[in-house]
Every structure is written in structure tokens, then in C-alpha cells.
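Read the structure below first, then the notes.
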Amino acid sequence: MNLILLWHMHQPEYRNSGGEFALPWVYLHAIKDYIDMPLNILSNSGMKANINITPVLIDQWQDYNYRIEKALAEKNARKALDILPDKFLKPLLFKSVDDGGEDIRKWMCDHYIWSNYEQMVCRFDDYKVLYDLALSGSRQRYLNDDFYFDLCVWFHLSWCGECMKRYDPVINYLIRKGSGYSEGDRRILLERLLEWMKYGIALYGFPAVKGGEPPETFPEYPNMIEKNKLEELKARKKGEYEISLSPHYHPIIPLLLDIHCGGISAQMTGIYYEPVGFERYDGGLESAKRHMDSLSGYYKYTAKKNSVKAMWPSEGAVSQETLQLFSEYGIDICASGEELLSSSLGIDAHKPVFSQGKNIIPLYRVYKWKDTGVKILFRDSGLSDLIGFTYSKWRGDDAANDLVDKLNAIDDFDKDAAVSIILDGENPWEYYYENGFYFLNDLYSLISSSVKITPLLLSEAAGLCNENSISCMKLDYIVPGSWVNGNLRMWVGEEQKNKAWSMLNDAKNVLLDSIQEKNINKTDLEEALKNLMSAEGSDWFWWLGPDSPLFSQSSMEKIFRDFLKNIYVKTGKKVPDLLYESLSSTKNLIAEKGGIMKRGGDL
């Protein structure tokens, strides 16, 4: 059987109008997950996997690199702090904690505990002591600068990827030191993290900074690794990976093309759905094309490694109109979820049917969309969700063996199966022991040595659709939906989500009127369109509604409202009072995996 493994990396636009990052997730996941993932693949000979990344994530990663490097080169200490784009980074260059202002101590105690307690904090006794003290409330006033600076350093160390923790002698030194970090230590840490971030983005084929020189080839292992380990890794035959992309700001394209299409999949999947209160999202096709138009500038970098244009549609959301758009843009292969395939075929795609002269499982086929060149994979929700939600509680080797046993069972039934495991590649690992290092390496080793399982790159999966292939089937109809339960309910059809769409639609119409009336200059138009595209991203709608935890919901919806405010400002119109009111609508404090991940189907 064939296995297509695809890890999806994404963050929305966090930068405000002044270029400051409202949340630190691009930087934190860059040093922890975006670097570890390709390195884990490379270090397993014979392994093949795929990594999807979004242009908006690449843009922000490059901005971090540029501004951290600029701050480190700045001689004036105050100017250096102003250049750093993220409040989480600034204390690394403080001379005194007082450099951060009177509220900085509380802020550091509140925010430098944003690490998974079981896996990222308790692993290090020194960090656990600081973490517990940071939660002590009134006792914080008795703590000196050493406490706050040590807490800061340990927060960043806890977020370092496993490859950095294991093999980088500088990071090893700081971990072993444990406490008493000097101003020089903090600066060395920031310098080292910058080296890793510049190396890390090259693993995806992109320049370290926007407009810079891209790597001539995709790099292998970095020189920051301890010499003996570096020589050992270089001596091995390397695994392979390909890079795919998503539309620029990660919008739900089916909703841009038809704001009411979510009602169709709601009926098909039997869920409650509240219609949006306006007739259509005017200019939606043009919006969708803007998110697609920029991709050629990113595919030119991934083309060094990929022979096809591969795409993970934002949240696996597709419709007939969306697939037609992909065809027009020359997309060769994309993917969605098994529940959507079941709704579209009118059968349970996971159950065997007699076809092509034998019993097959429809889910385990590559689909050719009508008579276009677009091929579609559909993820196995059960297998994907085991990695996202279950295996973090298991020993790494037991989990890897269990997954391979399940894949072997599929091969026993249908040796022509093409199984797709597709999931979030950044958020599961903080719940795993040592960032999933053992699970992933055991899994890759088992797959690459298997005589039953053939891992495929996306270009190879697309090649399964040839005239004589029995791994490929034609698909002439698809229901609008996504990988989450086969519908679009995570982004529309609920009171607060619909309210956000109405606010977005109103702001967009103000911009369209300004364009029509030709009363907006080129600079303001570019900024307004950037804010519109940022606001069209999927994340803001994902977090709204009664099921999401309050803190995450409120922090994300505020960013969304700020984008809309900026559209009014750039068009010279009054900002509506409604945009100063919170969209948060929940009393929940917790959700499974913090609400950042969802299962493919209902439990």
C-alpha cells in the first residue's frame, strides 16, 4: 500500500498596523516545530513525507528574522528594544527588568508560563521551580531581577525544538547552567535562536528575509549541531520531503465564493445551521483570486524540491467552484477529509465496496476531479486523529507500532490502497514526551523499513492517476465542506461567527465603494486590501462560538476587529461602534487540546 503523510503548518497574521506581533506563536513554533519536523524526516533514510506551509506564516517568519538581526546589530539599547517585534523577546535584551516598565514583572509571570506543564515545564526542575513561583501571586513582589530573567530564559529554552536541545552545544550549555543567567547569556540565546530561525526557513526553500537570496539548494544539517553528531547525521542516507502551500492568508475559499454554501453541507451532515444575514459576499471571487495570485511567488522557491503544485486548501475546505478555481491556477493535487468524501459519494467511504473487479475502500484512492488536472486526496480521520489526540499518552514506540499495525492491516485487505494521514504538524507535539521525538523517529523508521508500506511524496501521489492506475478514481461531484465533520460549521452558521462575517462584509463593501469611487490612494488601497485579506483568514471564525475557551477567543477576535478598523481608517470612513465591542461569547475556560485542534469526525 501507499502512504501519503502530510503535516500542515499555519499561523494567521498577528502583526498590527505598527508591525508588532500580538501573539508569539510564529516565533515559538518556528524554533520548536517548524525546524524539528523536516529534520526528523531527513534523519530517517528511506522516509518520505510532506509539509504544508502558508505564505502568511513565511512572511511573518522572515519578518522575525529581519527584525531580530537588526535589533542585535543596533548599538543603542533602547532602539534595539523598539526594533524587536515581539514583547516575548524584548527581556532577552533588557539590562534591568525595569527596562520593561512598571507592569513588566506581572506580565512576565503571566506570559512566561505559556508552556505545557507536564511535558515542557516538569521536564526541567529549574523551570518548574520558577514556573510555580510565577503562579504564587502576591509573593512575586519579593522576587528579584534574577528570578525574572531566569524565568524568561527558561521559557525560551522550553520552546526550543528537540534537535536544538539534544545537539546544539550552546543550548545544552544554557540548559545545564540552570540559573543565574547573565545579560550575556540572554544575548547569546537570542543570537543562537536567530541562527536556527534563519536555517529553519531555508529548510522550506525560502530566503531568511523577504527579498533576500534564497538557498541554492534545500539545506541538510546545520553547523550549530555538535560536531560528532553532525558527522554522524551527514553520513546517513537522508529521508525526503516536499513542500506544499495554502492560499495566502488561509481563507475558507468556498465561503468567499458562496457565503451560503455552508448550509448545503449542514443539511448533508445533519447539524444545526443558522444562515448568514446577508445575501452574498460581493467581490468574493476577486478576494479568492488575490489569495491565489500571490502563490506563484512562493511556488518558485518550493519548485527546487517539488515537481508539482501541491496544495492543502485552508482547513481542507473545498467546493465545486473552489476546485474549478484550483484547476485554473494549475494546482496538481490537493486534499480534504474523509467525511466530505462520504457526503459527496453518498456512502461511508471507509466501508468496502466492490469496484475495479475487487473489494476496495473508497477512502483509499486518489481522485481525479472531473476532466481537469486536479487530483484530490482524502485524509483518514481515524488514523490522523490517533496522532493528534491519542498517541501523546502512549510510549512512542508503542504508538508507532500500533499505527504501523493498522496500516499493515489495510495492506492485507487492499495492496493498491493510497492512505492519506494529514494533520496539524505544529500543535500536537507539546503534549508528547520530548516533542514527539521518539514517536516520530520510531514511526519513520518502521515505515521506511516496511516491505508493505510505501511512503509517497505528493508529486508521486499525483502520479498515481494515470490511465491504467487502479489507485485512482474519477470524482464528478463534491459537497461544499472541510476536513472537520465534512461541513463548514467551524467557520459559519453560528451566531457569533455569522456576526463576524457581517462585520467583515460591511468593511469589505466600504472598501469596494472607495475603489469604485476612486477616492483612495494607492498606498492606502494596498494597506486596506492587506487588512481585508488578513481578516478573511479562517482562524478568527474558528475561535468564535460557545465551544472555544474564553482567553483564546477574546485574544483572537480582537486582532480580527483591529483589521476591520484599519480598513475603515484607510478608506477615511468612521469606524463603527460595533467594532469596539467584543465578539467573545463563551464561559468555557478549557477545551480539548486547548481548542487549537479538532477531530475529523464527531466522537
In region 148-174, how many are open to solvent by 30 Å² or more (accessible area, probe 1.4 Å) and under 26 Å from Ser136 (Cβ atoms)?
0
Flagged in region 513-555 as over 17 Å from His248 (Cβ atoms), of a type outside the set (Val, Ile, Thr) and open to solvent by 60 Å² or more (accessible area, probe 1.4 Å), in numbering order, are Asp513, Gln516, Glu517, Lys518, Asn519, Asn521, Lys522, Pro546, Asp547, Leu550, Phe551
Can you confirm whether region 535-552 contains a residue that is modelled with pLDDT of 95 or more, more than 25 Å from Glu339 (Cβ to Cβ) and not assigned by the TED database to the domain that holds Cys334?
yes
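Name the residues in region 257-279 that are touching a helix residue (DSSP H, G or I) at 6+ places or on another chain (Cβ under 9 Å) and not aliphatic (A, V, I, L, M), would you? Give the derivation first.
Taking region 257-279 and keeping what is touching a helix residue (DSSP H, G or I) at 6+ places or on another chain (Cβ under 9 Å), we get 257-259, 261-262, 265, 268-269, 271-278.
Of everything in region 257-279, those that are touching a helix residue (DSSP H, G or I) at 6+ places or on another chain (Cβ under 9 Å) and not aliphatic (A, V, I, L, M) turn out to be Asp258, Cys261, Gly262, Ser265, Thr269, Tyr272, Tyr273, Glu274, Pro275, Gly277, Phe278.
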Scanning region 340-383 residue by residue, the ones that are in a strand (DSSP E or B), in contact with a helix residue (DSSP H, G or I) (Cβ under 6 Å, 6 or more places away or on another chain) and open to solvent by 60 Å² or more (accessible area, probe 1.4 Å) total 0
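Taking the condition at pLDDT below 95 and either touching a strand residue (DSSP E or B) at 6+ places or on another chain (Cβ under 7 Å) or open to solvent by 10 Å² or more (accessible area, probe 1.4 Å) (or both), does Gly18 pass? Give the derivation first.
Numbers: at pLDDT below 95: yes; either touching a strand residue (DSSP E or B) at 6+ places or on another chain (Cβ under 7 Å) or open to solvent by 10 Å² or more (accessible area, probe 1.4 Å) (or both): yes.
Yes: the conditions hold for Gly18.
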Single condition Lys300 does not satisfy, out of (1) part of a helix (DSSP H, G or I); (2) out of contact with any Gly (no Cβ under 8 Å at 6 or more places or on another chain); (3) crowded, with 21+ Cβ neighbours inside 10 Å; (4) not acidic (Asp, Glu)
(3)
I need the full set of residues from region 98-124 which are farther than 16 Å from His156 by Cα, open to solvent by less than 70 Å² (accessible area, probe 1.4 Å) and in a helix (DSSP H, G or I), in order please.
Asp99, Gly100, Ile104, Arg105
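Would you point out which residue out of Tyr199, Tyr127, Tyr148 is outside any loop (DSSP other than H, G, I, E, B) and either under 16 Å from Tyr64 (Cα atoms) or without any contact (Cβ under 8 Å) to a residue 24 or more places away in the chain (or both)? Write out each step before concluding.
Numbers: Tyr127 fails: either under 16 Å from Tyr64 (Cα atoms) or without any contact (Cβ under 8 Å) to a residue 24 or more places away in the chain (or both); Tyr148 fails: either under 16 Å from Tyr64 (Cα atoms) or without any contact (Cβ under 8 Å) to a residue 24 or more places away in the chain (or both).
Only one candidate qualifies: Tyr199.
Among the candidates Gly211, Gly205, single out the residue that is small (Gly, Ala, Ser), open to solvent by 30 Å² or more (accessible area, probe 1.4 Å) and part of a loop (DSSP other than H, G, I, E, B). Spell out how you get there, then give the answer.
Working: Gly205 fails: open to solvent by 30 Å² or more (accessible area, probe 1.4 Å).
Sole residue among the options that is small (Gly, Ala, Ser), open to solvent by 30 Å² or more (accessible area, probe 1.4 Å) and part of a loop (DSSP other than H, G, I, E, B): Gly211.
In this structure, does Tyr173 turn out to be more than 22 Å from the chain's Cα centre (by Cα) and free of Cβ contacts under 8 Å to residues at least 24 places away in the same chain?
Numbers: more than 22 Å from the chain's Cα centre (by Cα): yes; free of Cβ contacts under 8 Å to residues at least 24 places away in the same chain: yes.
It is true that Tyr173 is more than 22 Å from the chain's Cα centre (by Cα) and free of Cβ contacts under 8 Å to residues at least 24 places away in the same chain.
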Considering only region 442-469, state which residues are of a type in the set (Gly, Ala, Ser), buried (at least 19 other Cβ atoms within 10 Å of the Cβ) and touching an Asp or Glu at 6+ places or on another chain (Cβ under 8 Å).
Ala462
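Could you list, in sequence order, all residues of region 130-140 that are in a helix (DSSP H, G or I) and either among the hydrophobic types (A, V, I, L, M, F, W, C) or in contact (Cβ under 8 Å) with a residue 24 or more places away in the chain (or both)?
Within region 130-140, the first condition is being in a helix (DSSP H, G or I), and the residues that meet it are 130-134, 137-140.
Those that are in a helix (DSSP H, G or I) and either among the hydrophobic types (A, V, I, L, M, F, W, C) or in contact (Cβ under 8 Å) with a residue 24 or more places away in the chain (or both): Leu130, Leu133, Ala134, Gln140.
Can you name the residue in region 477-511 that is assigned to a helix (DSSP H, G or I) and either among the basic types (Lys, Arg) or touching a strand residue (DSSP E or B) at 6+ places or on another chain (Cβ under 8 Å) (or both) and is also surrounded by the fewest Cβ atoms within 10 Å (Cβ to Cβ) among such residues? Reasoning before the result, please.
Start the filter on region 477-511 by keeping residues that are assigned to a helix (DSSP H, G or I), which leaves 495-511.
If we keep only those that are either among the basic types (Lys, Arg) or touching a strand residue (DSSP E or B) at 6+ places or on another chain (Cβ under 8 Å) (or both) as well, we get 497, 499, 508.
Numbers: Lys497: 25, Lys499: 17, Lys508: 22.
Checking each candidate, the answer is Lys499.
The values are calculated or read from the model by the stated rules, or taken from the named source; none is laboratory data. Only a predicted model underlies this, so the values are computations on that prediction, with no experimental measurement involved. Positions of Cβ are backbone-derived with ideal geometry, glycine not excepted, and every protein chain shown enters the neighbour counts. We work out accessible area using only protein heavy atoms, side chains counted, and drop any ligands, DNA or RNA first. Shrake-Rupley method; radii C 1.70, N 1.55, O 1.52, S 1.80 Å.
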